[in-house]
Each structure stands twice: as C-alpha cells, then as structure tokens.
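See structure below.
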Amino acid sequence: MRYFFEDCALDTDRRELRRGPDVVLTTPQVLDLLEYLIRSRNRVVSKDDLVNAIWNGRIVSDAALTTRLNAVRRAIGDSGEQQRLIKTFPRKGFRLVGAVHDEDQCPGTAMVSDALAGLSKHARSAEKTAASVPDAPVIAIGKRRSDGWLDYLKSRVKLVGGVLASVATIGAIAGVLTDHLNVWTTVRTDVVREAQKIQEQPTAKPESTPRLSLVVLPFANLSKDPEHDYFADVITTNLTADLMRAPATFVIGRDAAFTYKNKSIDLKQFGRDLGIRWAVQGAVRRNGDQVRVNIWLTDLQTARDIWSDRFDGDRTNLDVLQNNITARLLCVAHLHLRQYEEAIEPCGRALNMIGSDLQTYVSLISAYGSAYK
C-alpha cells in the first residue's frame, strides 16, 4: 500500500519513504511508527497504543517515545514546534492531522481518468466527422461523370470543409490534453511522475544504517566444576533471547550458535558466512551464589574486540545481571554504528538514568554523534 501526503509518499510494501524525488533514509522503527499513525489518523492514539503497536508492550520510557516521534516528524518535514502534520494532544496522545490519500484515492489517478474520458469523447466526435466525409477519389470521379466541373468543384469545397472540421476536432483534443496535463503536473502524487522518479533514482537500500546483526557464541566455563558448564550455557541462551527481543536487531539462533562450541573459528570468514557484523563472547565463573561474567564484543569485519567489561551478580537474581549486560551491549553497538537515537534507550537503561539526568545524557549522545560525523 502507498500513502501520499504533502510531498511525501510512504510505500509500506517496499518499506520506503520519499519526499519529492528523494528517498528518506530512516530506521525501520520510524517507518513502523509513521505507518501506524497514518492507519490510525481518524483518531487520537495514546502512548499505550503506540507502545503496544510498535514495541509489543515492552516498557519504554517517555524520552524514548518522544525521540521516535521527533524522528518521524523530521523524516516528513515536520517539527514539534510546528506540528503541521503530527499534532500532540496534551494528556491524550497524538494524531496525524495532514491530508492523506492512499493508493486507491490518489488525486493523480483521478486526473488521468478524467483526461482519458475527455479524450475518448473528442475521439468519438472526430470519428463521426471523418465518417461523414466521402472518399476524395470517389467524389471526384462521380462528379466528373454526372454534373461536370461545377459539381466537381463543389465537392472539393465540401471535402475541404470536412478536413477543416477534423482539424478543429484535433485542435480541441489537443486543448483538452494540454489543460489536463497542466493540471496534472501540479499534482505531486500523479502516477506518471512518480514512476519517472522511481526509474531515475538509483536503487536505495531498505535501511538507512548498518543493521545490528550479531551472534552470541557459547560462553566458556571458568569454574573448576564441569557441572557448571550447564550454568554457562544458560547465561548464553538467556542473553541470546534478550537480544532477539531488541527492535531492529538480527540475532543468530541459539541452536546454530552452539554448533561452534569448543571450535576454533576464523572470525572474519565466520562473519561473512553468516552475514553478520558482531560476535558476543564471554566467560562465566561461579563461586557459590556469586557469579562473574566477563564479556567482550568483537567486530567480525576486523576480528578486533571493540569493547569488554566484567559484570558481577547473584545467582538468585540472574535477571538483573542479564538485563544489565544486554543494555550495555546494545548501547555500545548502537554507538559504534552511529545509531544515536537507538542508543539512547539502552544506554539510559544501562546507566540507570531517569528524569533530568536522562535529558542530559541525550544531549551527550547528540554531541557524541556530531563529533564523529
């Protein structure tokens, strides 16, 4: 389905947003949010509606939601100050207030139909006129045989009159075509111009930034007790599941990853074979209820570790430990890929930032992005 509004066109099948002739490069989550606002444009949608539709009910901070909405506004040429297309209703929610036409209601399509109807009408008129004009040689021969030169000249005058009538009809058709084309070219969403733009543009990548793709390799057991191998596998499995739930993240499944357990790997070739960018590796040491996890993130394009850290926790409260590891991994990976909007939520969660502290951190993230552009 394609939706048209102002100078924008959203193609949900191609996962593509255009402004004028240009493809707007943005994240898949921004496209999901824009599509949901368009489909729900007849009502005000609440924050809970957005969280359920886009984040599948996961806990999302108000700052993260505001960041995504601002990204949608920037993508379609709007802003929080103008609210020309997306309006905020305090304590109620949000609504897309711009005029939207879907593929079946595109003004350009109706214009083309009107033009064709007008041309058909004038074409029928031209056919009637042409049918009423006798064939020139037949007239000439008939008149010479019956009435002589005077009647012959009269027939020639009649023939010329028919030809002039046909010319006038053709001129009327050209006038109708010109009028419709002049109007048609003012409609931004007409199908012919859209098709020309698509043909003239180079093929665009469906995503604006490198996809966050990774594998969690089986963690090593640093404890002396071989029975703790199972515990290290549990940490690996849970971390894989947590990363899979992150938006716009591609994670190799647990079963595939465990086929590489205790095997020597050429990391660069490994990344090319699986089509992924990162490998998460780690080691687990357990001493009673105390758990220590050493973890590092490897860039498979260079086979170099870009980040490592150590996490301590309690076996009886593994969820907190694993959530912290997941947040830190996503924070570092998004920052390394310069996906600064996506980094805000996991970085804020990893550093336990709330309120004004989170706003300060958002500013630091923006400054980090500006410094490395």
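Here, each number is a calculation from the coordinates, and none is a lab measurement. Remember, predicted model here, so these are calculated numbers, not experimental data. Counting neighbours? That spans all protein chains shown, and the Cβs are built from the backbone with ideal geometry, glycine included.
Structure above, values below:
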| quantity | calculated |
| --- | --- |
| Spin-label proximity, ASN352 to segment 264-303 - amide N less than 17 Å from point 7 Å beyond Cα toward beta carbon | none |
| Projected label distance in nm at LEU25 and GLN82, using a 7 Å step from Cα toward the beta-carbon | 2.3 |
| Segment 221-294: C-alpha pair distances exceeding 21 Å, % | 34 |
| Two-decimal log10 I(q)/I(0) for segment 283-353, as the Debye equation yields it once each C-alpha is a single scatterer, q = 0.22, 0.28 Å⁻¹ | -0.97, -1.21 |
| Inter-label distance for ALA241 and ARG43, nm, one decimal - labels placed 7 Å from Cα along Cα-to-Cβ | 3.4 |
| Relative contact order (percent, whole number), segment 217-347, Cα cutoff 8 Å, 6+ residue spacing | 21 |
| Alpha-carbon centroids, segment 1-30 and segment 242-283: separation in whole Å | 32 |
